[in-house]
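A short worksheet on the structure shown next.
The values are calculated or read from the model by the stated rules, or taken from the named source; none is laboratory data. Being a predicted model, the structure only gives us computed values, none of them experimental. Positions of Cβ are generated from backbone atoms using ideal geometry, with glycine treated the same way; all protein chains shown enter the neighbour counts.
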Amino acid sequence: MHVDVEKVLTGTRREEAWHLYTTAFEELRYAAVQRHLMHRGEFDEVLADDRVEKYVSLTSDGRLAGLSTFTNDLDAMPLISPDYFAHRWPDRYAERRIWYLGFVAIAADQRRSGVFEALIEKMWRVVRANAGIAALDLCARNESRQLDAAITRTLTALTPDVVATRLDTQAFWSWELPTAS
């Protein structure tokens with residue numbers, strides 16, 4: 001599976017990317033309390049930002065099979081706190097050896113095709129070559145689907161001594177009055 005790295009996505013490819021992104025993550029709009037999807041303006045900014053690499057895989061007929069975003073400039077990513085990473089790993093943060101994977105979106109007809117693994121592998125090679133750290137956000141929904149385990153399997157095949165660590169957990173609670181009978 002071939003993966004290209006692009007600095008900027010524009011025009012038709014950006015529209016195709018937006019469609020892939022919203023389709024791939026539609027369920028998270030109602031399955032997760034906290035917003036996990038970027039708004040269109042945020043998405044366009046990320047795809048136009050050359051600090052964020054776009055890992056792109058195409059089908060044999062040129063359609064977008066998979067897309068991920070990846071950067072070691074953590075200020076470029078919405079929805080995360082660069083200060084967290086700077087505090088936890090000050091040296092690696094200062095040396096820009098922490099990469100954040102914003103998302104991995106796979107077209108529905110390309111799941112189980114190896115696209116996901118190819119994208120993860122290509123990004124991991126960058127991290128490994130720089131003795132760095134890779135991080136991403138997984139909501140409980142994706143953990144229940146064992147996405148963390150799938151990524152760990154892929155990375156372990158490439159680097160047997162890789163260590164996966166949960167960085168943070170957030171729980172949302174509610175309190176309500178009982179319904180009248």
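Note on the range 33-63: among residues that are hydrophobic (A, V, I, L, M, F, W, C) and under 16 Å from the mean Cα position of the chain (by Cα), the one that is surrounded by the fewest Cβ atoms within 10 Å (Cβ to Cβ) is 37. Considered as a group, the residues in the range 103-127 that are under 19 Å from residue 167 (Cβ atoms), at pLDDT 95 or above and not β-branched (Val, Ile, Thr) include one that is farthest from the chain's Cα centre (by Cα), and that residue is 124.
Take residue 70 and decide whether it is under 25 Å from residue 140 (Cα atoms) and in contact with a Gly (Cβ under 8 Å, 6 or more places away or on another chain). Judged against the criteria, residue 70 is a match. Residues that are among the hydrophobic types (A, V, I, L, M, F, W, C), under 19 Å from the mean Cα position of the chain (by Cα) and surrounded by fewer than 16 Cβ atoms within 10 Å (Cβ to Cβ) within the range 74-88 comprise just one, 79. Entry remark, the range 89-116: residues being surrounded by 16 or more Cβ atoms within 10 Å (Cβ to Cβ), in contact (Cβ under 8 Å) with a residue 40 or more places away in the chain and outside any loop (DSSP other than H, G, I, E, B) number 8 in total.
Filtered by the rule that a residue be surrounded by 10 or more Cβ atoms within 10 Å (Cβ to Cβ) and either charged (D, E, K, R) or touching a residue at least 12 places away in the same chain (Cβ under 8 Å) (or both), the range 149-181 gives 150, 151, 152, 153, 154, 155, 158, 159, 164, 167.
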